[in-house]
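Computed from the coordinates by the stated procedures, all read-outs in this text should not be read as laboratory data. This one's a predicted model, so the numbers in the text were calculated from it and none came from an experiment. As a convention, Cβ positions derive from the backbone with ideal geometry for all residues, glycine included, and neighbour counts pool all protein chains shown.
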Amino acid sequence: MTTTYGVLSEGLEKHYGDVHALRGLDLAVAEGTVCGVLGPNGAGKTTAVRVLTTLTAPDGGSARVAGHDVVREAGAVRAAIGVTGQNASVDGELSGRQNLRLFAKLLRFRGEAARARADELLERFELTEAADRPARTYSGGMRRRLDLAASLLTRPRVLFLDEPTAGLDPHSRNQIWAAVRELADRGTTVLLTTQYLEEADQLADDIVLIDQGRVAHRGTPTELKARIGSYAEVVVPHESALVPAAGVLDQLTGTEPVLDHERRTVGAVATDTTLTLPRIVRELDAAGVPVIDASLRPPTLDEVFLRLTDRGDGRTSPPLKETAA
Amino acid sequence: MSSTALTHEQTVTPATSAPIADALAMLGRHLQRIKAAPGVMILTQTMPITMLLFFGYVFGSALAMPGQEYRAFLVPGLLAATAANGIMVGMFQASQDCHRGVMDRLRTLPMSRAAVPFGQTAADLLTTAIGMIPLILVGLAVGWRIEGGPLAALGAFGLLLLLRFATSWLGCWLGLLIRNEEIAGQLGSATFILPLLSSAYIPTDNLPGWLRTVAEWNPISAMASATRELFGNASPAADAAWPVAHPVAGTLAWSVVLLAVFVPLSVRRHARGGE
């Protein structure tokens, strides 16, 4: 079976002066899937979206979106995509309704069809009441919803969302998530960038971690979690037991434990999948370390992210340091 | 929750470009913006009237020219200054669009790239044509007259709008270069000085030599002299620099040069998103 890709990039390079925003970025998003691009500020997420949506020409490498080259066939790419950026890209002086009608006309809807499509999207995103107010008077969530509505006037084959829920209230965030899931169900390929690990975990089929303009790791949310193992945490009754407990965990996991004097806990990443909670407790007991609570749980995506991007950075030690007392 | 598909969705966007429909849609957008916030437009259009009354009655009383005669000299000059005002307006609008992000959406739509600056400059042309009417009425009230033929008068209006169109393309390019509406606003205010260095408000004959040369090569001087000639208010000074001695040809030449340079530059700059 041949896989067709909604987004396929090879060795994308982009620099602004001395700043290398993209250093050989390879992305492959299978058609009809949701790809979550995670990375810290400055990792190159927004630049990648700008190159893939034809806003910025790459300095090197190539990319195809919906099967079209982003440089040579930019017009065909634009006809196939929807884009919602970090900053709501609507005209603040125009009302929500006027904005949607304008973009609909530019997408070749005839007069009546433009009006009808604008009205139904306003209703879909609960903007009917505010439809005739200037968009600059909208709250952040309303603007973002309007921006997403503008990206969905036609059904895009590939939808790009650049941090679509940054700073939003839970209601707006849920509406945007629901719209993304529904589009994905109907076959739209979605590439979304986010700093929220929960968002990627909730929406994405595949996660790409990018750091310093290149891919640090990729995989499904489950694979990524499995790759880093689990997280063992032990709570002791008094501070003097912290160091002995850390010694035992160090021996069991082979990774440097993190001490939290305030909470009297010691934690360590366990890459050995055969390690069990009873064994941890037994070893602690055998070493005479008093334990009042212990857990062995899958790491949060935050922990995955911190470790994997740090390793991708070339540093060998995990970014786990003793927390100050 | 209802579905995004609903009933009026269109899945296919035709790949054929429709530059005229796109430019008309963009023109409509600018007119809607003016309707939503008419303050700026009213301010820019009433400014020349304020200046006519201020210069015509306050400063004019200190000039060698009799008041009535000076006001008749001033009206065509103010119309010429209005024509040059396209720099300020064009610069502000283009930089505002870049600054506020709406340009990014337009640049990801499968629309004609040239339609964005064309829509902006066409809207500016339309509002200028209407906005000149109050100034003309007040001008007539303070004693200015159209003394030439009706065809020549139409020619004067046509020339004024042509230069306005040209300067608004220059402004559009500058706005795409600046991409920051505060800076564009401040620079725009500074363009107030341009008509002061021309024959818009004062005759250039008495200026010191080098300043006279600068003023006469200012396109606003050619425009002012052309307007005065076509309205039958004054003949061009034969001893002036070429654009002022032949003001109609001079204004046409300035406009064509500005358009030939800044239309392609603006379209290209817009297509590349200011990079």
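Numbers below:
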| item | result |
| --- | --- |
| Highest average packing first - A:197-205, B:56-64, Cβ atoms within 10 Å | A:197-205, B:56-64 |
| Calculated FRET value between A:E283 and A:T3, using beta carbons and R₀ = 51 Å, to 0.05 | 0.65 |
| Cα-derived Rg over Rh, computed across region B:127-195 with Rh taken as Kirkwood radius | 1.09 |
| Hull-based mean projected area of region B:165-218, where the convex hull spans the alpha carbons, in square nanometres | 4.4 |
| Average beta carbon contacts from partner chains per residue of A:156-169, 10 Å cutoff | 0 |
| Dipole of region A:89-172 [Lys/Arg +1, Asp/Glu -1 at C-beta], most positive-end residue of A:A114, A:L168, A:N99 | A:A114 |
| Spherically averaged projected area of region B:45-155 from its Cα convex hull (nm²) | 8.9 |
| Cα-projected label distance for B:N180 with A:D250, points at 7 Å along beta-carbon direction, nm | 5.3 |
| Cα-projected label distance for A:A226 with A:R297, points at 7 Å along beta-carbon direction, nm | 2.2 |
| Rg and Dmax [Cα atoms of region B:181-275; Å; Rg one decimal, Dmax integer] | 15.9, 47 |
| Peptide A:100-112 - average C-beta neighbours from other chains (10 Å radius) | 5 |
| Residue (of B:Y70, B:C98, B:T46) at the positive-pole extreme of region B:29-115, dipole from beta-carbon charges | B:C98 |
| Cα-derived Rg to Rh of the protein assembly as shown, Kirkwood definition | 1.15 |
| Selected from A:I228, B:L197, A:V83, residue furthest toward positive end of dipole (the protein assembly as shown; charges at beta carbon) | B:L197 |
| Residue exposure sequence - A:D147, A:D169 - by fewest surrounding Cβ within 10 Å | A:D169, A:D147 |
| Value in Å of the Kirkwood radius, where chain B supplies the Cα pairs that are averaged | 19.9 |
| Stokes-Einstein D in µm²/s, Kirkwood radius over Cα pairs - chain A at 37 °C with 0.692 mPa s viscosity | 149 |
| Of the DSSP H helices in chain A, those whose Cα atoms cover at least 15 Å axially and whose Kyte score averages -1.0 or more | A:96-106, A:111-124, A:140-151, A:170-185, A:242-253, A:301-312 |
| For residues of A:66-74, the mean tally of beta carbons on other chains within 10 Å | 1 |
| Within a Gaussian network of chain B (alpha carbon springs, distance under 10 Å), most fluctuating of B:L137, B:L196, B:L162 | B:L137 |
| Value in Å of the Kirkwood radius, where region A:1-67 supplies the Cα pairs that are averaged | 12.3 |
| Fluctuation leader among A:T276, A:T222, A:T265 - chain A, Gaussian network, Cα springs under 10 angstrom | A:T276 |
| Distance histogram in 10 Å bins (all Cα pairs of region B:228-275, percent per bin) | 24, 32, 20, 16, 7 |
| Cβ charges +1 (Lys, Arg) and -1 (Asp, Glu), total dipole of chain B, debye | 480 |
| Helix-derived mean residue ellipticity, 222 nm - over chain A, DSSP H n ≥ 4, -39500 (n - 2.57), to 500 | -11000 deg cm²/dmol |
| Net charge dipole size for the protein assembly as shown [Lys, Arg +1 and Asp, Glu -1 on Cβ; Debye, nearest 20] | 1800 |
| Spin-label pair B:A129/A:A178, simplified geometry with 7 Å Cα→Cβ offset, distance in nm | 4.8 |
| 222 nm mean residue ellipticity, helices alone, for chain B (DSSP H n ≥ 4; -39,500 (n - 2.57); rounded to 500) | -23000 deg cm²/dmol |
| Ranked list, fewest to most other Cβ atoms within 10 Å of each Cβ, for A:I210, B:I193 | B:I193, A:I210 |
| Gaussian network model of chain A, Cα within-10 Å springs - most flexible of A:L209, A:L275, A:L191 | A:L275 |
